[in-house]
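The values are calculated or read from the model by the stated rules, or taken from the named source; none is laboratory data. Keep in mind that what you see is a predicted model, and the values were worked out from it rather than measured. Don't worry about glycine lacking a Cβ; one is built from the backbone with ideal geometry, like all the others, and counts go over all protein chains shown. Note: areas computed on protein heavy atoms with side chains; ligands, DNA, RNA excluded. Shrake-Rupley method; radii C 1.70, N 1.55, O 1.52, S 1.80 Å.
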Amino acid sequence: MGKLNVTVLRYLTKEDFRILTGVEMGMKNHELVPAALVASIANLRHGGAHKVMKELCKHRLLTYERGKHYDGYRLTNQGYDYLALKTLSMRNVITSFGNQIGTGKESNIYVVGNEEQETLCLKIHRLGRICFRKIKEKRDYHKHRKSVSWIYLSRISAMKEFAYMKVLHDRGFPVPKPIDFSRHCIVMQLIEGTPMCQVAEVADVEGLYDDLMNLIVKLANHGVIHGDFNEFNIMITQDGKPIIIDFPQMVSTSHAEAKMFFERDVNCIRDFFKKRFAYESLLHPSFEDVIREESLDVEVFASGFTKQMKKDLDVQMGLDEDEEDEDEPEEQVDLSNLKLQDEDLLAREIELPKLQISLEDKVVTAEENIIAAPSEAIAALIDFPERDKTSEENFDLDETDFPDELEIPRGRGPSSDMCSVTTTSTIAPEVIRARVKKMITRQSSEAAKRRMKAKGEASATTRSRRDNASTIKDSSGIWGWE
């Protein structure tokens, strides 16, 4: 992922941000966005856009890669950070950027400032780290999709957390005050406190324990369960009051595993107080004690609350089903004819209608400013083209090509270059020949993949020249040349 360096942000021009925005919009239905499409969306000439894209690649805001069918550009995490920071700065939400004060498996925390010289907190969601990649098992961000980009998942995570934080703060829950969000970045109030995992002692252990248990029950009464209610997601202020943070994993009390999540939150607090403060209480809430008072899960459409449950709840509340919005066919938009007409699109989060894009006989619905996953291989760093059948024929080895006595390399050291091995009665010669055949096929396939790891425009230009030279050579007889 790398650290966020905002030094280059002050030197980027309007054309640079138009190119970044063009790549972002192109990634709605492209895995790799062609340069011509980027120039068309950004409404810039191809020559000037190409120069800008090369400079952005040098600063690692864009990356040029070779795909299965064509070459193109992809937006990097830092480029996506710059777009979000530019949007927040144009809204006058943040005017200064400070140090990093925290990091987790899903996000990074930074200190920022606004025009009133007030210190705020900036949370940048970073899904895709090697320590947390089982998103399908832990979250429901994918929904019907088989695979999507980490950038898109990070944005969904930020949207969910901001929605939860907004409704909880409006109802008086002890959470940070949400201020604004853009793409995968959230600006919120900076809590002056200490994580509970770093607290060695408190003045009133019993009172803190009761406050935390009451918070768990109060959340459940409002229809949601935190799902990760532990010492790492609780801040303790100077007066000993708890503040809850980190909400993307919250689920509805109607979730199939709601009871398990509720009991896990309760047991996390009980185990922590027993280990840290040597305090153990026999009084603790159970899931059967929950009495629904409000339906926050309906308001934010929490995980586990399906559309059918919403319809059933509306019927119970006396709402007419005919008043519900019917699913209208969404307009299909061709991004190749889409251009940026004004500079305010960055501040307005690229306000596009809902898109319904058909890719490989699969429908992907993209909301406003969402970078949808254009194909099943978007999460891969490098996509390799499929191997031709002609290349497979070169590796189609016959068993007769392997004698009973084989020379197998034992290593790469100078003292063990080659050695002769004779088969014995313990392993049949047919098994050895099959194993060696499989090994050579695998090594040849890996070597072919390594050769296809061509990156950069220079590699693409060289490959194009070679193809042209080969075409001219093959067609020389047509033109009467010898």
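Data for the structure
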| read-out | value |
| --- | --- |
| Residue in segment 172-186 that is open to solvent by 60 Å² or more (accessible area, probe 1.4 Å) and assigned to a helix (DSSP H, G or I) present | no |
| Test: residue in segment 73-88 that is in a strand (DSSP E or B), in contact (Cβ under 8 Å) with a residue 60 or more places away in the chain and closer than 23 Å to Arg18 by Cβ | yes |
| Index of the failed condition, Leu168 passing every other in (1) of a type in the set (A, V, I, L, M); (2) open to solvent by less than 10 Å² (accessible area, probe 1.4 Å); (3) assigned to a helix (DSSP H, G or I); (4) touching a helix residue (DSSP H, G or I) at 6+ places or on another chain (Cβ under 6 Å) | (4) |
| Filtered residue count, segment 121-162, keeping only those that are touching a helix residue (DSSP H, G or I) at 6+ places or on another chain (Cβ under 6 Å) and either modelled with pLDDT of 90 or more or not in a helix (DSSP H, G or I) (or both) | 5 |
| Some residue of segment 41-56 being touching a residue at least 60 places away in the same chain (Cβ under 8 Å) and either open to solvent by less than 10 Å² (accessible area, probe 1.4 Å) or of a type in the set (Ser, Thr, Tyr) (or both) | yes |
| Test for Tyr80: is it modelled with pLDDT of 90 or more and under 23 Å from Met235 (Cα atoms) | no |
| Restricting segment 234-256 to residues that are out of contact with any helix residue (DSSP H, G or I) (no Cβ under 8 Å at 6 or more places or on another chain) and at pLDDT 90 or above, the residue that is surrounded by the fewest Cβ atoms within 10 Å (Cβ to Cβ) | Thr237 |
| Residue check for Lys105: open to solvent by 40 Å² or more (accessible area, probe 1.4 Å), farther than 26 Å from Ser464 by Cα, within 23 Å of the chain's Cα centre (by Cα) and not polar (S, T, N, Q) | yes |
| Hey, Lys86 over 19 Å from Leu190 (Cα atoms), among the basic types (Lys, Arg) and modelled with pLDDT of 85 or more or not | yes |
| Checklist (1) without any contact (Cβ under 8 Å) to a residue 24 or more places away in the chain; (2) open to solvent by 80 Å² or more (accessible area, probe 1.4 Å) applied to Lys259, failing item | (1) |
| Residue satisfying condition, being of a type in the set (A, V, I, L, M) and surrounded by fewer than 23 Cβ atoms within 10 Å (Cβ to Cβ), within set Val8, Val23 | Val8 |
| Conditions (1) open to solvent by less than 70 Å² (accessible area, probe 1.4 Å); (2) at pLDDT 90 or above; (3) within 30 Å of Ser464 (Cα to Cα); number of the one not met by Gly113 | (3) |
| Evaluation of Gln198 against (1) at pLDDT 90 or above; (2) surrounded by 17 or more Cβ atoms within 10 Å (Cβ to Cβ) (one fails), failing number | (2) |
| Positions within segment 222-243 being over 16 Å from Arg270 (Cα atoms), in contact (Cβ under 8 Å) with a residue 40 or more places away in the chain, touching an Asp or Glu at 6+ places or on another chain (Cβ under 8 Å) and not β-branched (Val, Ile, Thr), in sequence order | His222, Gly223, Gln238, Lys241 |
| Residue pairs meeting the criteria (Cβ under 6 Å; at least 6 apart or on separate chains; first more than 19 Å from Val251 (Cβ to Cβ), in segment 205-221; second open to solvent by 10 Å² or more (accessible area, probe 1.4 Å) and of a type in the set (S, T, N, Q)) | none |
| Residue count, segment 262-298 (criterion: under 22 Å from Phe173 (Cβ atoms), open to solvent by 70 Å² or more (accessible area, probe 1.4 Å), among the basic types (Lys, Arg) and not in a loop (DSSP other than H, G, I, E, B)) | 1 |
| Residues of segment 201-219 that turn out to be aliphatic (A, V, I, L, M), surrounded by 20 or more Cβ atoms within 10 Å (Cβ to Cβ) and touching a helix residue (DSSP H, G or I) at 6+ places or on another chain (Cβ under 6 Å), as a count | 2 |
| Residue satisfying condition, being modelled with pLDDT of 90 or more, of a type in the set (A, V, I, L, M), in contact with a strand residue (DSSP E or B) (Cβ under 9 Å, 6 or more places away or on another chain) and under 18 Å from Glu288 (Cβ atoms), within set Leu208, Leu212, Leu219 | Leu219 |
| Which listed residue is closer than 20 Å to Lys177 by Cβ and assigned to a loop (DSSP other than H, G, I, E, B), from Asp246, Asp211 | Asp246 |
| Positions within segment 222-241 being touching a Ser or Thr at 6+ places or on another chain (Cβ under 9 Å) and either in a helix (DSSP H, G or I) or not aliphatic (A, V, I, L, M) (or both), in sequence order | His222, Gly223, Gly227, Thr237, Gln238 |
| Flag if Leu120 is under 26 Å from Gln249 (Cα atoms) and more than 23 Å from the chain's Cα centre (by Cα) | yes |
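Listed here are the residues, each with its yes/no results for (1) modelled with pLDDT under 65; (2) over 30 Å from Gly72 (Cβ atoms).
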residue	(1), (2)
Pro414	yes, yes
Val421	yes, yes
Lys437	no, yes
Ser459	no, no
Thr462	no, no
